[in-house]
Amino acid sequence: MCSEDRISILPDHILCHILSFLPIKEAVRTSIISTKWRYLFASISTIEFDRCLLSGLTDRNVDSFKNFVDRLLKFPDQVSLDCFRLSDGISWNDEDHDFDVSGWICAALCRGVREIDLHLDNLGDVLTLPAVLFTCHSLVTLKLNAEGSKIEVPSDVCLGNLKTLQLRNSVVDGDSINRLISNCHVLEDLAFFECFLAYARELNIQTPSLKILVLEFDVVEYRGFNYVLVINAPNLVYFQYTDAVAEGYALSNMKSLEKADISIYRFDSSDCETSATHLIQGICTVRSLSLTIDEVLFQTCRLPIFHNLIEFEYHGLGFNGRETWLVEFLHCVPNLKTLTLNFLVVAETQWKVLHMEVPSCLSFHLKEIKILNFKGDTRMFEMISYFLDNAMVLEKLMIGMKTLSETQQSTVFYQLLQLPKSSKKCQVVIF
């Protein structure tokens, strides 16, 4: 008895949508099912060329592969593309194969592609992309990984419908990138991952529609940090920034900011403390802040009050006096509810001799403390004892002990339970 083929009776557009979730090689194989399926793969809306597709490619069949790609992208009665992607792990600029990547990109653009995601390596010093890529009105998402190459942006760039722009492992020229950002008028998600910022006197980001901003730059000795970061983004919700302290910061109109993740380092700046202070001042309306610093980069006496901040995660690298600095900073966050600490205790500082006024957040609002990478030494206990003595409404103390054995964890847990607590509701949890 033959079973009924219920899939094949579905409309073509539904079958094409299903095929779009398959690797392109598997989608092509469906052409042998029946006459109905023979050319369905050519109408899929997502085209991705990955490492698996080229795993069996040899000098003999490389021409066949290139012809297949040309036919797939330029097939008659073509439907619009949702996504065109060249995945990592492939040398698309391999001189032996001579792939027509620019032609493929142009063909995808001609089909009204909405997302282009390119991972390109072995490209030399400069990545030259088709100029039409930077004037495409159908493009909503553009992701480029240039593996150390400089991205050139033409003077007539205009991406009127682009909402997501992500650059990774690329060299970005200050003038080019400012020109690109200023001509993406509805941009919502802008990200630089592990990029090298070159020849920049100013990085200017003034985009009213922007909601997510990630600036993660390479911190290397031969790079200059004498640029000014200008941000005016009234609808920005998330801000991540990783770099050495720049020459200056002008952050304004950040009233919608919910979460910030800041990692800054002193490199070679004559007035590092002033610049770093301006950066932190610019995000004073944030509700959740993660901060990583390698030394006291700004004085707490120059900081505003963070009235909205209810979550604070502090990653302090090795510098003396950071415990004192932390307590001073807690005075600036009167409504803090959750505190997460991740650092090695500095031997020169003893929590029990910090003769300082207790921050009001400890007395009235702090409900949860999480301490990561707890080593069980005496000064760690002093730190915990300080918080238990002064956190009047604390409900949960969470201690991370992954580096300790089960026996050590049991011993430490027993010792923690013996510490006096100002809050009777406080539970001690290890993880």
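The values are calculated or read from the model by the stated rules, or taken from the named source; none is laboratory data. No experiment lies behind these values; they were computed from the predicted model shown. Because the Cβ atoms are built from the backbone with ideal geometry, glycine has one as well, and the counts that use them run over all protein chains shown. To get the accessible areas, we keep the full protein, side chains included, count just its heavy atoms, and leave off ligands, DNA and RNA. Shrake-Rupley method; radii C 1.70, N 1.55, O 1.52, S 1.80 Å.
Annotations
- For SER80 and TYR238, a Förster radius of 22 Å and the Cβ-Cβ distance give a FRET efficiency of 0.10, rounded to the nearest 0.05.
- For the stretch 183-260, relative contact order (Cα pairs under 8 Å, six or more residues apart, normalised by length) works out to 29 percent.
- The solvent-accessible area of LYS367, taken with every protein chain present and a 1.4 Å probe, is close to 90 Å².
- Extending 7 Å from the Cα toward the beta-carbon at both THR324 and ALA131 defines two label points whose distance is 6.1 nm.
- Applying 1/(1 + (r/R0)^6) with r as the Cβ-Cβ distance of GLU152 and GLN281 and R0 = 41 angstrom yields a FRET efficiency of 0.70.
- From the alpha carbon centroid of the stretch 114-148 to that of the stretch 240-285 is 29 Å.
- Pairs of Cα atoms farther than 18 Å apart, the stretch 350-412, %: 41
- Extension gain for ASP389-ASP218 works out to 57.4 nm (0.36 nm per residue, less the C-alpha to C-alpha distance).
- Taking all protein chains together and rolling a 1.4 Å probe, ASP121 ends up with roughly 30 Å² accessible.
- Hypothetical label at LEU372: residues of the stretch 386-413 whose amide nitrogen lies under 16 Å (7 Å Cα-Cβ projection): 398-404
- Cα gyration tensor shape for the stretch 93-198, rounded if a/c is under 1.5, else prolate or oblate: oblate
- Contour excess over end-to-end distance, with Cα ends at LYS255 and THR411 and 0.36 nm allotted per residue: 51.5 nm
- Put a dot 7 Å past the Cα of VAL428, heading toward its Cβ, do the same for THR274, and the two dots end up 4.8 nm apart.
- Förster radius 45 Å - calculated FRET efficiency between SER209 and ILE14 (Cβ-Cβ, nearest 0.05): 0.85
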